[in-house]
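Down below is the structure, laid out as structure tokens.
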Amino acid sequence: MDRPGAEADAEARNEFSALYRTYAGDVRRFALFLSGDPSLADDLVSETFIRMWKARARVDLTTVKAYLFAIARNLYLHHRRRDRRFSELGAEPRDPAPGPHERAHAREEWQAVLGALQMLPEVDRAAVLMRADAGLPYDEIARALGISEAAAKVKVHRARMKLAVARHRAAPADRAQ
């Protein structure tokens, strides 16, 4: 058995494990927001890291998070093309608000925003999630989506505006009682 090769393999596995521990939660959250399906999100995370492992020699560690998001997004798009179905949002968000009235209003607002998020074009949804949830800079978002940095900024801004409108419409002050 060749010891230097075995040591290099062990080092690669350790580095991969560290990357997984660091980014798996972010990739899962991104995949969950894209798909709306926890089971599919888990599958996308697994496949994302398998593909990263296979391409580990080409991965630039300075942009690994954007690379992982790009893989997850591409896998999600492949899944959508293959299945041609739209996943319903099944899980209700857990809200620690004290009273049932406040919880009901918060739930309606949350569902309105998630519904609006699901109605956004996929590239807009991916852009706003990469920015808002993952905190990626616009240049990495642009690179991951294959668009210009200016287009990434516009997509994020417009998506945020649409989500704000949905949230405002669901606010208790807008309801006639």
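The values are calculated or read from the model by the stated rules, or taken from the named source; none is laboratory data. These numbers were taken from a predicted model, which means no experiment stands behind them. So basically every Cβ, Gly included, is an ideal-geometry build from the backbone, and we count neighbours across all protein chains shown.
Of Ala104, Ala97, which residue is surrounded by 13 or more Cβ atoms within 10 Å (Cβ to Cβ), more than 29 Å from Thr22 (Cα to Cα) and at pLDDT below 80? Even if it seems obvious, please write down each step before you answer.
On the way: Ala97 fails: surrounded by 13 or more Cβ atoms within 10 Å (Cβ to Cβ).
Among Ala104, Ala97, only Ala104 is surrounded by 13 or more Cβ atoms within 10 Å (Cβ to Cβ), more than 29 Å from Thr22 (Cα to Cα) and at pLDDT below 80.
Could you check the range 113-127 and list, in sequence order, the residues that are closer than 15 Å to Ala166 by Cα, in a helix (DSSP H, G or I) and of a type in the set (A, V, I, L, M, F, W, C)?
Of everything in the range 113-127, those that are closer than 15 Å to Ala166 by Cα, in a helix (DSSP H, G or I) and of a type in the set (A, V, I, L, M, F, W, C) turn out to be Val113, Leu114, Ala116, Leu117, Met119.
Quick one: how many residues across the range 1-48 are more than 13 Å from the chain's Cα centre (by Cα) and part of a helix (DSSP H, G or I)? Even if it seems obvious, please write down each step before you answer.
Pass one, the range 1-48, residues more than 13 Å from the chain's Cα centre (by Cα): 1-22, 39, 43, 46-47.
Still in the list and also part of a helix (DSSP H, G or I): 3-22, 39, 43, 46-47.
Number satisfying all stated conditions: 24.
Mind listing whichever residues of the range 2-58 are among the polar types (S, T, N, Q) and surrounded by fewer than 19 Cβ atoms within 10 Å (Cβ to Cβ)?
Across the range 2-58, the qualifying residues are Asn14, Ser17, Thr22, Ser39, Ser46.
Name the single residue, out of those in the range 70-79 being farther than 13 Å from Leu19 by Cβ and not hydroxyl-bearing (Ser, Thr, Tyr), that is surrounded by the fewest Cβ atoms within 10 Å (Cβ to Cβ). Before the answer, list the steps.
Applying the first criterion (farther than 13 Å from Leu19 by Cβ) to the range 70-79 yields 70, 72-79.
Now restrict to residues that are not hydroxyl-bearing (Ser, Thr, Tyr): 70, 72-75, 77-79.
Numbers: Ala70: 20, Ala72: 27, Arg73: 23, Asn74: 14, Leu75: 21, Leu77: 14, His78: 12, His79: 19.
Top of the filtered list is His78.
Checking the structure you have, find out if any residue of the range 150-164 is at pLDDT 90 or above and within 22 Å of Asp60 (Cβ to Cβ).
Yes, that holds for at least one residue.
Among the residues of the range 49-59, are any part of a helix (DSSP H, G or I), under 19 Å from Arg131 (Cβ atoms) and within 15 Å of the chain's Cα centre (by Cα)?
Pass one, the range 49-59, residues part of a helix (DSSP H, G or I): 49-54, 56-58.
Next cut, under 19 Å from Arg131 (Cβ atoms) only: none.
There is no residue in the range 49-59 that is part of a helix (DSSP H, G or I), under 19 Å from Arg131 (Cβ atoms) and within 15 Å of the chain's Cα centre (by Cα).
Do we have Arg143 as part of a helix (DSSP H, G or I) and at pLDDT 90 or above here? Break it down stepwise before answering.
On the way: part of a helix (DSSP H, G or I): yes; at pLDDT 90 or above: yes.
Answer is yes for this residue.
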